[in-house]
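Reading through the structure tokens given below for one structure.
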Amino acid sequence: MRDAELSMALLRWYDRHARVMPWRVSPQDRALGVRPDPYRIWLSEVMLQQTTVAAVKDYFHRFTARWPTVADLAAARDEDVMAEWAGLGYYARARNLLKAARAVAQDHAGKFPGNREALLALPGIGPYTASAIAAIAYDEPATVVDGNVERVMARLHAVETPLPPAKAALTALAAELTPAHRPGDYAQAVMDLGATICTPRNPACGLCPWNDVCEARRLGVQAELPRKVAKGEKPTRRGVLWLATQGNRIVLERRPEKGLLGGMLGFPGDGWDGYGGLPPALAEWQEIGDVRHTFTHFHLHLTLCAAELPADVVVSRGALYAPDAFRPADLPTVMRKAYDQLRSVLPR
């Protein structure tokens, strides 16, 4: 079967089985002339990096309700955006989100550039995201390759080279199948195929529109591909968080813009993240437990030390926050775990 025939077969499958997503225009509506909003496509693609669709949907609804256009997001306060992002992880994405929104508002009159090369010039937009926006929002025949597409291509062509060395070859194979007709729908179709049929485990080959031409299925190795280079063990870092209260207020600090959890609100800590630091005040600190959390490149084990500060004690790090001055949900996950432990030992 030729590449064009493969692409058309997948598009026919997509027309019947496209997933419904809050940022997506259905193939039926698209055929009627409804155009996707580049802002919503961009926002969803940034949120979906390293995250699942299920985890992103509520965040997407909150973001678009609060900031319905890129101009609204560009005008938002940094701390408000970081707070809404809390829990999604990879916080550099949120910082770049603001930078890109402001660049679109200031340099492009509030409209996203209409081609891949111009999109690449925006802060935080890499090759994948630029291709996704260009294809889905503007029907540019850009090749969109995420983990789902890599898996589909590796199986369709029985590519034995492991990832990540196979990335370039898999991208080239994906490019051969990207059609000039309906490239936006095709990009979403091949991602849907990987997410719902050609899954990492137990692929549903009997339902796949490409099952008759899948080389991995013919060889019986579809569940083994793509192969991946074995990863080394993640290191474990250890440190301390100081949880201080004074009356009904709690000590929190805004973290540096660059680095781990950059720009987020959290408890003062020591050097587990490379910043170092002393306790926020002289006090009788007591261990109340620990928290464990895993980041992309390491495991983290933090000892929690708590203290009730007398009224005359001055805080040297961070600031005292009243209960109505922040939302626990605004804290990044590791800090929220610590906050929950602190609440469990407070008398009030």
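Being more than 15 Å from the chain's Cα centre (by Cα), in a loop (DSSP other than H, G, I, E, B), outside the structural domain of Leu252 (by TED's automatic domain parsing) and under 27 Å from Thr333 (Cβ atoms), is that true of even one residue in segment 37-57?
no
Asp330 meets the conditions (1) within 22 Å of Asp78 (Cβ to Cβ); (2) more than 30 Å from the chain's Cα centre (by Cα) in every case but one. The failed one is (2). Note on segment 273-317: among residues that are over 17 Å from Leu260 (Cβ atoms) and of a type in the set (Gly, Ala, Ser), the one that is surrounded by the fewest Cβ atoms within 10 Å (Cβ to Cβ) is Ala311.
Assess whether Arg238 counts as being within 19 Å of Ala306 (Cα to Cα), surrounded by fewer than 16 Cβ atoms within 10 Å (Cβ to Cβ) and modelled with pLDDT of 90 or more. So Arg238 passes the test.
Screening the candidates Gly124, Gly114 for the property of being surrounded by fewer than 22 Cβ atoms within 10 Å (Cβ to Cβ), touching a Phe, Trp or Tyr at 6+ places or on another chain (Cβ under 8 Å), over 15 Å from Arg40 (Cβ atoms) and not charged (D, E, K, R) yields one hit, Gly114. When Ala9, Ala65 are checked against the criterion of being in contact (Cβ under 8 Å) with a residue 40 or more places away in the chain, out of contact with any helix residue (DSSP H, G or I) (no Cβ under 9 Å at 6 or more places or on another chain) and assigned to a helix (DSSP H, G or I), a single residue qualifies: Ala9. Residues in segment 82-141 that are on the phi > 0 side of the Ramachandran plot and more than 15 Å from the chain's Cα centre (by Cα): Ala109, Gly110, Asp139.
Counting just the residues of segment 130-180 that are among the hydroxyl-bearing types (Ser, Thr, Tyr) and closer than 21 Å to Leu11 by Cβ, which one comes out surrounded by the fewest Cβ atoms within 10 Å (Cβ to Cβ)?
Looking at residues that are among the hydroxyl-bearing types (Ser, Thr, Tyr) and closer than 21 Å to Leu11 by Cβ, I get Thr171.
Looking across segment 70-88, just one residue is surrounded by 16 or more Cβ atoms within 10 Å (Cβ to Cβ), not in a helix (DSSP H, G or I) and not small (Gly, Ala, Ser), and that is Leu88. Evaluation of Glu253 against the conditions (1) part of a loop (DSSP other than H, G, I, E, B); (2) touching a residue at least 60 places away in the same chain (Cβ under 8 Å) shows that the sole unmet condition is (1).
Being without any contact (Cβ under 8 Å) to a residue 60 or more places away in the chain and of a type outside the set (A, V, I, L, M, F, W, C) holds for only one residue in Pro200, Pro235, Pro226, and it is Pro200. Within segment 215-231, the presence of a residue that is touching a helix residue (DSSP H, G or I) at 6+ places or on another chain (Cβ under 6 Å), closer than 16 Å to Gly318 by Cβ and surrounded by 13 or more Cβ atoms within 10 Å (Cβ to Cβ) is excluded. Among the residues of segment 63-75, those identified as under 20 Å from the mean Cα position of the chain (by Cα) and under 30 Å from Tyr339 (Cβ atoms) are Phe63, Thr64, Ala65, Arg66, Trp67, Leu73.
The residue that is surrounded by the most Cβ atoms within 10 Å (Cβ to Cβ), counting only those in segment 10-39 that are basic (Lys, Arg) and more than 22 Å from Thr52 (Cβ to Cβ), is Arg30. A Cβ distance below 7 Å, combined with a sequence gap of six or more or placement on separate chains, defines the contacts here; from segment 23-52, residues that are farther than 18 Å from Ala130 by Cα and of a type in the set (Gly, Ala, Ser) reach residues that are part of a loop (DSSP other than H, G, I, E, B) and modelled with pLDDT of 95 or more in the pairs Ser26/Ala18.
The values are calculated or read from the model by the stated rules, or taken from the named source; none is laboratory data. Values in this document were obtained by computation on a predicted structure and should not be read as measured data. When we count neighbours, we look across all protein chains shown, and the Cβ atoms used for this are built from the backbone with ideal geometry, even at glycine.
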